[in-house]
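One structure is given below, encoded as structure tokens.
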Amino acid sequence: MRFVVTGEWTRNRLLQVIVVLYALYVIGLWLTNALLYFSKMSLTARSVIDYYLGSEERFLSPRSYQGLLEVSHFHLFAMGMLLLVLTHLMLFVPLRNRTKAWLIIVPFLSAIIDESGGWLVRFASPLFAYLKIAGFLMLEASLAVLVAISLWSVLAGSQRNYEAQLPEPPRGPHDP
């Protein structure tokens, strides 16, 4: 932890390797997430509705409660862990706190929207297909931004970026 708090990750090559390799791993996850989505649906509400509610023309059965539950069970854990790590890195990048807050909140919110969108289409209303599409696009965009910032911070950052964020030591009554 101290390596990122103090900015030492810009001098610790092994830590930089870990962050870069993790970012490459997430890029693979990002790509396969998009490929899986587009193998089942497109960015049209009709395709999302057909996927979750079924389509006689396309010979698709509606998604079952059990099927959605199994996918959500895994996704909630996996996405939670992924976002925990990626957003945790945002705490240590040289950006304003307000920007960091958005970089943390938006990915979690978009993951929740993406995951709940299918449930809402299936069991509430087909109109939630637009929410599902928005959640997917927000999630993909926010993951791409988090990975890009992580890579930028490790590869282009310098110790000076972090010195301004370190708390000043307490001053005594006799210090100037």
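Converting phi to 3J(HN,Hα) with the Karplus coefficients 6.51, -1.76 and 1.60 and the offset θ = phi - 60°, segment 104-109 yields 8, 6, 4, x, 5, 4 Hz in sequence order, with x at every glycine or proline. Amide H contacts of residue 55 (H built 1.01 Å from N, in plane; Pro and chain starts excluded): 60, 61 sit under 5 Å, all sequence-distant by 5 or more or on other chains.
Using θ = phi - 60° in the Karplus curve 6.51 cos²θ - 1.76 cosθ + 1.60, the 3J(HN,Hα) couplings for segment 37-48 round to 4, 6, 7, 10, 9, 10, 8, 9, 4, 4, 5, 5 Hz; x is entered for Gly and Pro. 3J(HN,Hα) along segment 72-84, derived from phi through the Karplus expression 6.51 cos²θ - 1.76 cosθ + 1.60 where θ = phi - 60°, amounts to 5, 4, 6, 4, 4, 5, 5, 5, x, 5, 4, 5, 4 Hz, with x in place of Gly and Pro.
In whole percent, how big is the carbon plus sulfur part of the accessible area of segment 1-119, probe 1.4 Å, protein atoms only? Walk me through the numbers before you get to the answer.
On the way: 5310 of 7420 Å².
About 71 percent, which is the carbon plus sulfur part of the accessible surface.
Dipole of segment 39-158 computed with +1 at Lys/Arg Cβ and -1 at Asp/Glu Cβ about the Cα centre; of 73, 59, 97, farthest Cα towards the positive end is 97. On a per residue basis, the convex hull of the C-alpha atoms belonging to segment 1-148 measures out at 106 Å³.
The values are calculated or read from the model by the stated rules, or taken from the named source; none is laboratory data. The structure presented is a predicted model; accordingly, all values stated were derived computationally and were not measured. All Cβ positions, even for glycine, are placed from backbone atoms using ideal geometry, and neighbour counts span all protein chains on display. All accessible areas refer to the heavy atoms of the entire protein, side chains included, with ligands and DNA or RNA removed. Shrake-Rupley method; radii C 1.70, N 1.55, O 1.52, S 1.80 Å.
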